[in-house]
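Student: One structure coming up, written as structure tokens, with questions to follow.
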């Protein structure tokens, strides 16, 4: 099964301790996901974010309804957290979020997603045709939305 990695970094205003609470609220995922995905958190709120927390979502990918369940694998407030797909569209989805002081002030936020598609080597075809581009669009949307939401 081919493994892929998506990595993004973004400088945000505010220290990690000021930025992290926005990401500690799972409800903010809806605000930073493109509306076209019709992303909805199914898990009753508020969700206590901690290692072992389970979060269930519904969304539409390429028009198809998807149920997605993740578990928070690691939880270090102000520093990092890791979520891993337990059920969903990927054969593997392991997403590490990091928050570090940026030189000169602010926070350097990093996203590293290790992922694999179902269908083994055949998954390389949809990855090349549309999956990577869709993931880039989702993370581009987040890069635009997060600073505006942190300021607001």
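Student: What area, in nm² and to one decimal, does the C-alpha convex hull of the range 74-117 cast on average over all directions?
Tutor: Projected over every direction and averaged, the Cα hull of the range 74-117 covers 3.5 nm².
Student: What list do you get for 75, 68 if you sort them by fewest beta carbons within 10 Å?
Tutor: Listing 75, 68 from fewest to most nearby Cβ atoms yields 75, 68.
Student: For the chain, count the residues as N, evaluate 2.2 N^0.38 Å, and divide the Cα radius of gyration by that value, please.
Tutor: 1.04
Student: Another one. Springs between alpha-carbon atoms under 10 Å, Gaussian network over the chain: tell me which of 102, 133, 51 tops the mean-square fluctuations.
Tutor: Checking each option, the largest mean-square fluctuation is seen for 133.
Student: Counting pairs of alpha carbon atoms under 8 Å apart in space and at least six apart in sequence, what relative contact order in percent does the chain give?
Tutor: That works out to 29 percent.
Student: Quick one: if you stick a label point 7 Å off each Cα along the C-beta vector at residue 36 and residue 137, how many nm between them?
Tutor: A separation of 0.2 nm, rounded to one decimal place.
Student: Just to check, using Stokes-Einstein with a Kirkwood Rh over alpha carbon pairs, what's the diffusion coefficient of the range 89-142 at 25 °C and 0.890 mPa s in µm²/s?
Tutor: Result for D is 189 µm²/s.
Student: Now for a separate question. Put a dot 7 Å past each Cα toward the Cβ at residue 144 and residue 17; how far apart are the dots in nm?
Tutor: Output for this residue pair reads 3.4 nm.
Student: Follow-up question, since we're still on this one. Per DSSP H run of at least 4 residues, take -39500 (n - 2.57); add these up for the chain, divide by its residues and hand me the 222 nm value, nearest 500 deg cm²/dmol.
Tutor: When only DSSP H runs of four or more count, the value is -6500 deg cm²/dmol.
Student: If I build a Gaussian network model for the chain, linking alpha-carbon pairs within less than 10 angstrom, which residue out of 55, 72, 125 has the largest mean-square fluctuation?
Tutor: For the chain, modelled as a Gaussian network with Cα springs under 10 Å, the answer is 125.
Every number in this text was worked out from the coordinates using simple rules, so none of it is lab data. All values derive from a computational prediction rather than experimental measurement. A quick note on method: Cβ atoms are made from the backbone with ideal geometry, for glycine too, and the neighbour counts reach across all protein chains shown.
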